[in-house]
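Asks: Below you will find the structure I want to go over with you.
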Amino acid sequence: MPKVSVIIPIYNVANYIERCACSLFEQTLDDMEFIFVDDASPDDSIQILQETLSLFPQRKSQVHIIHHSTNLGLTAARNSGLEMATGSFVAYCDSDDYVASDMYKLLYEKAIQEKADVIYCDFFMIYSSHNEYYSTLNEHKDKTVFLKQYLLQGWNVLWNMIISRKLLLTNHLHSPKDITFCEDFYLSVRVLFYANRILKVNKALYYYNRVNVSSIVHSLYEKKKENDERKTYLDTIDFFDKNGVLTDFKKEMSWRILKNKQNLLLNPIQHQEFMNIYPESHRHIMSCPVSFCNRKMKCFMWMLTHHLRWPLLGILYLRKILGR
């Protein structure tokens, strides 16, 4: 059994796959498994991958390449990889990103030493002119407190962690098939909910590419992104409710819902839609952090939910006239 299985979906990343693959094959952890999922990529990404692999003959037996006959999307690619994975731990890596050479060794060794289900790290955001260090949430002994803080974190991602494969299989956890944005939030929240122990390595070991404007996230239509995000949040609220813990996380999830549906306020035709989407969130409008909703939007929300729609319509009309 490999120590870590890394799942790497591939789609239209010819400019980046060599760098990504090299960073994986150069890992200081020897006993690994690399599962590349060709999601019907239209370019020569797979050819470049195979050429890169030829430079690392010691890794050849550890590499599996799955081919989708049609483009099924990131979540389907990840699920295909998970079905093949045999490692003690599973990691996800995006094929336009790359990792530090000791990333999986450091995460795996801490997981074994501390008997943890999930180990995560900080990461770098890579821009064309500079890199930015991103400090992730600090670990916390109280998992409820940790998860409440995680729900308020700006970046909820999978690729900076390794996850016990047993945890994923036992709890039937996989990426959502019908969501192509916010899918990391969906799965990571459930992983952290079920994990018995969650620890952190205080180093930036993952390099997240912010240059690739052709990536899946950048190319999604704004409405699709908004709808996927909303569905993810509502599904997560339902998940917490079914597990009897919604009371613990209701405020944080309400804030996320408010953030997601704030754009509906600016179009009077969508005001009823705003009112219908998880109305329980409305009691948390004024406490919503400004990082989620600014004061102006919170004021608009309060007016709409307190029978002051006509004054709100006047404000919106005036804004339109003034071009604001």
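Asks: Looking at region 16-31, which of its residues are part of a helix (DSSP H, G or I), out of contact with any Ser or Thr (no Cβ under 6 Å at 6 or more places or on another chain) and either among the acidic types (Asp, Glu) or crowded, with 19+ Cβ neighbours inside 10 Å (or both)?
Replies: Those that are part of a helix (DSSP H, G or I), out of contact with any Ser or Thr (no Cβ under 6 Å at 6 or more places or on another chain) and either among the acidic types (Asp, Glu) or crowded, with 19+ Cβ neighbours inside 10 Å (or both): Leu24, Phe25.
Asks: If you check Leu173 against the conditions, is it surrounded by 15 or more Cβ atoms within 10 Å (Cβ to Cβ) and within 20 Å of Lys3 (Cα to Cα)?
Replies: yes
Asks: Separate question: Could you run through region 117-159 and say how many residues are charged (D, E, K, R), within 29 Å of Lys3 (Cα to Cα) and surrounded by fewer than 19 Cβ atoms within 10 Å (Cβ to Cβ)?
Replies: Number satisfying all stated conditions: 5.
Asks: A further question follows. Could you please let me know if Ser101 is surrounded by fewer than 18 Cβ atoms within 10 Å (Cβ to Cβ) and under 28 Å from Gln50 (Cβ atoms)?
Replies: For Ser101, the condition - surrounded by fewer than 18 Cβ atoms within 10 Å (Cβ to Cβ) and under 28 Å from Gln50 (Cβ atoms) - is met.
Asks: Scan region 32-52 and give yes if some residue there is buried (at least 17 other Cβ atoms within 10 Å of the Cβ) and over 25 Å from the mean Cα position of the chain (by Cα), otherwise no.
Replies: yes
Asks: Check region 160-171 and report whether any residue there is under 19 Å from Asp235 (Cα atoms) and not small (Gly, Ala, Ser).
Replies: yes
Asks: Okay, moving on. Looking only at region 180-193, decide whether some residue is assigned to a strand (DSSP E or B) and in contact with a helix residue (DSSP H, G or I) (Cβ under 8 Å, 6 or more places away or on another chain).
Replies: There is no residue in region 180-193 that is assigned to a strand (DSSP E or B) and in contact with a helix residue (DSSP H, G or I) (Cβ under 8 Å, 6 or more places away or on another chain).
Asks: Just the residues that are at pLDDT below 95 and of a type outside the set (A, V, I, L, M, F, W, C), please, taken from region 117-133.
Replies: Result: Tyr127, Ser128, Ser129, His130, Asn131, Glu132.
Asks: Can you pull out the residues in region 33-58 that are in a helix (DSSP H, G or I), over 13 Å from Ala77 (Cβ atoms) and either in contact (Cβ under 8 Å) with a residue 40 or more places away in the chain or among the acidic types (Asp, Glu) (or both)?
Replies: If the condition is that a residue be in a helix (DSSP H, G or I), over 13 Å from Ala77 (Cβ atoms) and either in contact (Cβ under 8 Å) with a residue 40 or more places away in the chain or among the acidic types (Asp, Glu) (or both), then Glu51 is the only one that fits.
Asks: Looking at region 291-317, which of its residues are under 34 Å from the mean Cα position of the chain (by Cα) and either of a type in the set (Gly, Ala, Ser) or outside any helix (DSSP H, G or I) (or both)?
Replies: Answer for region 291-317, where residues must be under 34 Å from the mean Cα position of the chain (by Cα) and either of a type in the set (Gly, Ala, Ser) or outside any helix (DSSP H, G or I) (or both): Ser291, Phe292, Cys293, Asn294.
Asks: Looking only at region 138-170, which residues are farther than 27 Å from Leu24 by Cβ and not hydroxyl-bearing (Ser, Thr, Tyr)?
Replies: Across region 138-170, the qualifying residues are Asn138, His140, Lys141, Asp142, Lys143, Val145, Phe146, Leu147, Lys148, Gln149, Leu151, Leu152.
Asks: Do we find a residue being out of contact with any Gly (no Cβ under 6 Å at 6 or more places or on another chain), at pLDDT 95 or above, in the same structural domain as Asn131 (by TED's automatic domain parsing) and part of a helix (DSSP H, G or I) anywhere in region 235-258?
Replies: No: zero hits.
Asks: At pLDDT 95 or above and assigned to a helix (DSSP H, G or I), is that true of Met286?
Replies: It is false that Met286 is at pLDDT 95 or above and assigned to a helix (DSSP H, G or I).
Asks: Counting residues that are more than 24 Å from Phe36 (Cβ to Cβ), out of contact with any helix residue (DSSP H, G or I) (no Cβ under 8 Å at 6 or more places or on another chain) and in contact (Cβ under 8 Å) with a residue 12 or more places away in the chain, which strands (runs of 3 or more DSSP E) fully inside region 84-148 reach at least 3?
Replies: Strands (runs of 3 or more DSSP E) meeting the threshold: 131-134.
Asks: Taking the criterion of being within 22 Å of the chain's Cα centre (by Cα) and at pLDDT 95 or above, would at least one residue in region 63-72 satisfy it?
Replies: There is no residue in region 63-72 that is within 22 Å of the chain's Cα centre (by Cα) and at pLDDT 95 or above.
The values are calculated or read from the model by the stated rules, or taken from the named source; none is laboratory data. This is a predicted model, so every value here is computed, not measured. Neighbour counts are summed over all protein chains in view; Cβ atoms, including those assigned to glycine, are modelled from backbone coordinates with ideal geometry.
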